[in-house]
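Here the structure is laid out as structure tokens; the discussion comes afterwards.
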Amino acid sequence: MSAWKTRLFGWAMHGGLTCREVGKVLQSYLDEQIDTERAAQIEVHLEECRRCGLDAETYERIKATLAAQRPVIPAESIDRLRVFGERLASGGEPIAP
């Protein structure tokens, strides 16, 4: 696929990963639940890809805001939110709790 098509359809590749690949694991990366090799690839992508870098910044701001609003979030709520996000990222239907 040509470079313009990859950018047009959101498949830009930076650091050996596409935007879609980074999007699927971004939450796990931000939660430091990714192996070091994969984390290094994601870091390169986030530095080179403005869109994904902005997504990461947005998620981090949301997490910081939530932490400031309510310092203790039940682990069960975080787990449900993570599962919900993973289902959305994979194109699946979210299941209401």
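None of the figures in this text is laboratory data; all of them are computed from the coordinates on show. Not measured: the values here are computed from a predicted model. Counting neighbours? That spans all protein chains shown, and the Cβs are built from the backbone with ideal geometry, glycine included.
With each label modelled as a point 7 angstrom along the Cα→C-beta vector, the Ser28-Ser90 pair spans 1.0 nm. Sequentially through segment 52-59, phi angles give Karplus couplings (6.51, -1.76, 1.60; θ = phi - 60°) of 5, x, 5, 4, 4, 4, 4, 4 Hz, Gly and Pro residues having no value and appearing as x.
Residue by residue, segment 42-49 carries 3J(HN,Hα) couplings of 5, 4, 4, 4, 5, 6, 8, 10 Hz when phi is fed to the Karplus relation 6.51 cos²θ - 1.76 cosθ + 1.60 (θ = phi - 60°); x denotes Gly or Pro.
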